[in-house]
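Working notes, structure below.
Please treat every number below as a calculation from the coordinates, not as lab data. Every value quoted in this text rests on a predicted model; they were computed, and no experiment measured them. All Cβ positions, glycine included, derive from the backbone under ideal geometry; neighbour counts span all protein chains shown.
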Amino acid sequence: MRALPAITRRDEFDVLVVRTDYHDDHAWQDVAAALMEPWGDRQYEAHVHFVDDPVWAGATVDEVLTAVRDDDDLAVVFLADRTTMQAEGHALLAVTTLTREECVDEEDYEQLTEFGREFRAIPAGVHDVHANLSIGNLGFEEYAAWAHDDPEGIYRS
């Protein structure tokens with residue numbers, strides 16, 4: 001596993017999106033534009049911290065998680081990977097930053113990751129996931145369950 005640079009200067013309220021695929025700049029522009037759209041019923045302003053540096057090309061989930069492990073305010077990180085770029089709705093990969101060490105025991109970790117430690121979310125849903133996890137209103141496992149129930153495995157907000 002390669003060491004990637006630490007992610008710095010992210011405001012705790014900003015959604016963190018790491019671009020890991022660099023094959024289609026036009027698709028990336030579409031993803032970034034969709035993420036900057038106002039979101040929610042009240043049309044909240046979008047706040048996104050983009051990591052857009054080719055050094056992250058091909059980064060794995062574990063490599064990204066290692067790079068963000070010191071960010072105590074981060075509950076979820078979103079990857080704009082190859083699937084994101086190629087899929088029609090540009091669903092990003094949402095990955096929990098929760099580790100086994102942070103849980104009471106193995107059973108607690110298994111319950112909190114029952115549907116896995118990742119799922120896909122459309123750009124409009126990314127902000128909802130980030131905001132609710134940040135304030136503890138909902139848990140990652142709830143969003144993962146909703147994505148699991150979707151025929152395509154995507155959280156749609």
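Side notes on the structure shown:
- Value at 222 nm in deg cm²/dmol, rounded to 500, when DSSP H runs of n ≥ 4 in the chain each add -39,500 (n - 2.57): -9500 deg cm²/dmol
- DSSP bridge pairs, the chain: antiparallel proportion in percent, nearest 5: 50 percent
- In segment 9-157, the inverse of the mean reciprocal separation of distinct Cα atoms equals 15.5 Å; this is its Kirkwood hydrodynamic radius.
- The charge dipole of segment 15-149, taken about its Cα centre with unit charges on the Cβ of Lys, Arg, Asp and Glu (plus for the first two, minus for the last two), comes to roughly 440 debye.
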